[in-house]
Amino acid sequence: MIVRQLNLRNYRNYEKAQIVFDPGMNLITGNNAQGKTNLIESLVYLSLTRSHRISSDRQLIREGCEFAEASCTVSDGDDKKISAVIHSAGKNLMINRVPVKRSSEFVGILNTVLFSPDDLGIFTDAPRERRRIVNQEITKISPKQLYALNRYANLLKQKNTLLKMYNPDLSYLDILDEQMIREEVEIIRARRRFTEGINSHMEGIYRNLSDEDASAGIVYDCCTGNDENIEESLKNMYRNARQKDLENHVSSCGIHREDLIFTLNGKNVLLTASQGQKRMVMLAFKLSILEFINDITGKKAVLLLDDVLSELDRSRQKKLIDMIKNSYQCIITCTEIPEFLKKENPCEFYVENGKINRVTGGRR
Ligand SMILES: Nc1ncnc2c1ncn2[C@@H]1O[C@H](COP(=O)(O)OP(=O)(O)OP(=O)(O)O)[C@@H](O)[C@H]1O
Ligand SMILES: [Mg+2]
């Protein structure tokens with residue numbers, strides 16, 4: 001899949017912009033606070049219908065304007081134009097100029113994988129954030145997981161409301177548990193598939209990128225452990241937790257308590273890894289997501305690297321670029337282009353104060 005053209009109107013500090021991307025490597029350069037991340041963010045928005053930086057869409061609207069618009073053409077066998085208009089009352093999504101009601105119809109048309117320095121926060125964030133990442137990737141490739149997750153969240157809310165009551169109806173609790181288990185079996189299977197898929201790539205990618213003889217991976221801390229019979233295991237878990245949940249008035253177990261642990265040589269990266277190693281683990285994870293998406297859907301997502309090169313030493317920069325340059329469309333932001341990269345003849349854009357221009361002839 002390739003993003004051909006991106007158009008922005010009143011999006012953050014862009015009044016009006018049109019960018020025609022190269023199918024290979026695109027470099028967006030510019031000084032600090034000029035609009036590089038804003039541009040990357042607009043592509044994330046078109047891929048997920050939300051920003052990776054903020055939860056309220058209002059801040060995406062250029063100051064003093066009524067609405068913001070981002071649209072792009074995605075080539076993936078055929079061409080699709082997707083657009084999002086963001087206004088104070090919400091957003092309108094369109095595919096080929098036809099309005100769509102559900103975000104789930106829109107998500108996945110443009111599939112991007114982003115790596116930015118902010119991603120390192122994931123290691124120390126609460127487990128909820130790590131679950132969010134897994135859910136996001138799983139739902140991008142299988143929208144039906146979104147329904148399972150939403151139904152589960154709804155049932156969990158009902159269960160917790162019930163548990164807060166004096167003398168709750170136990171048979172109703174049984175029904176809720178049964179319904180939750182049905183959704184959880186699906187979600188656990190998907191999370192297991194995701195973990196296996198990522199691990200089949202991550203170790204090799206990490207070794208290759210870092211030149212270290214170390215093994216990196218993820219561990220899915222599943223509420224049913226490795227039990228093959230997920231349904232039976234969940235039933236037992238709920239049965240054993242019932243008394244405690246009634247006493248504490250809250251549901252203590254289930255997929256909403258799970259976690260994803262990043263490891264280096266079998267240890268949680270938080271315990272021993274250096275800053276540089278953490279960065280490489282996260283980068284290897286993101287590149288493994290690209291491979292996983294390709295394995296499952298046969299499609300290549302677009303790789304977005306925001307401000308990542310400056311954080312890597314020269315040899316790692318080179319390894320990263322070698323790994324991706326012929327495989328994926330990449331959109332890379334940086335304040336300065338490393339010398340070696342100029343020889344790769346990337347398509348270069350320069351951003352200044354919300355104005356973007358294609359730079360002809362490499363060096364400015
Ligand atoms: N809603 C908005 N309206 C107008 N300008 C905005 C809006 N939101 C953000 N900006 C401006 O966008 C600029 C930041 O852009 P961005 O984060 O893309 O910078 P950057 O080029 O990635 O910089 P850096 O290299 O520091 O990461 C800031 O000057 C900020 O004031
Ligand atoms: Mg930035």
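The values are calculated or read from the model by the stated rules, or taken from the named source; none is laboratory data. Because the structure is a prediction, the values reported are computed rather than measured. Please note: Cβ atoms are built from the backbone with ideal geometry, for glycine as well, and neighbour counts cover all protein chains shown.
Here are the numbers for this structure:
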read-out	value
Test: residue in the range 123-137 that is away from ligand 1 (no atom under 16 Å from the Cβ), farther than 30 Å from Gly276 by Cβ and crowded, with 17+ Cβ neighbours inside 10 Å	no
Some residue of the range 21-44 being surrounded by fewer than 20 Cβ atoms within 10 Å (Cβ to Cβ), away from ligand 2 (no atom under 16 Å from the Cβ) and either under 21 Å from Asn353 (Cβ atoms) or of a type outside the set (Gly, Ala, Ser) (or both)	yes
Hey, Arg358 in a strand (DSSP E or B), of a type in the set (D, E, K, R) and away from ligand 2 (no atom under 16 Å from the Cβ) or not	yes
Gln317 vs. criteria away from ligand 1 (no atom under 16 Å from the Cβ), in contact (Cβ under 8 Å) with a residue 12 or more places away in the chain, under 28 Å from Ile198 (Cα atoms) and in contact with an Asp or Glu (Cβ under 9 Å, 6 or more places away or on another chain)	no
Test: Lys286 is touching a Leu at 6+ places or on another chain (Cβ under 8 Å), in a helix (DSSP H, G or I), more than 16 Å from ligand 2 (Cβ to nearest atom) and closer than 30 Å to Ser47 by Cβ	yes
Selection within the range 55-69 - in contact with a Lys or Arg (Cβ under 7 Å, 6 or more places away or on another chain), assigned to a helix (DSSP H, G or I) and either outside the structural domain of Ala89 (by TED's automatic domain parsing) or within 8 Å of ligand 1 (Cβ to nearest atom) (or both)	Leu60
Qualifying residue in the range 209-228 (condition: part of a helix (DSSP H, G or I) and touching a Ser or Thr at 6+ places or on another chain (Cβ under 7 Å))	no
Qualifying residue in the range 200-207 (condition: hydrophobic (A, V, I, L, M, F, W, C) and surrounded by fewer than 18 Cβ atoms within 10 Å (Cβ to Cβ))	no
Qualifying residue in the range 257-268 (condition: assigned by TED's automatic domain parsing to the domain that holds Gly197 and under 25 Å from Asp22 (Cβ atoms))	no
Of all residues in the range 21-54 being of a type in the set (D, E, K, R) and in a helix (DSSP H, G or I), the one that is nearest to ligand 1 (Cβ to nearest atom)	Lys36
Residue in the range 335-350 that is within 16 Å of ligand 2 (Cβ to nearest atom), within 17 Å of the chain's Cα centre (by Cα) and closer than 27 Å to Gly121 by Cβ present	no
Qualifying residue in the range 313-325 (condition: part of a loop (DSSP other than H, G, I, E, B) and either surrounded by 15 or more Cβ atoms within 10 Å (Cβ to Cβ) or not assigned by TED's automatic domain parsing to the domain that holds Gln5 (or both))	no
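For every residue, the table says whether it meets (1) exposed (fewer than 15 other Cβ atoms within 10 Å of the Cβ); (2) modelled with pLDDT under 95.
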| residue | (1), (2) |
| --- | --- |
| Gly276 | yes, yes |
| Phe285 | no, no |
| Phe292 | no, no |
| Thr297 | no, yes |
| Asp306 | no, no |
| Ser310 | yes, yes |
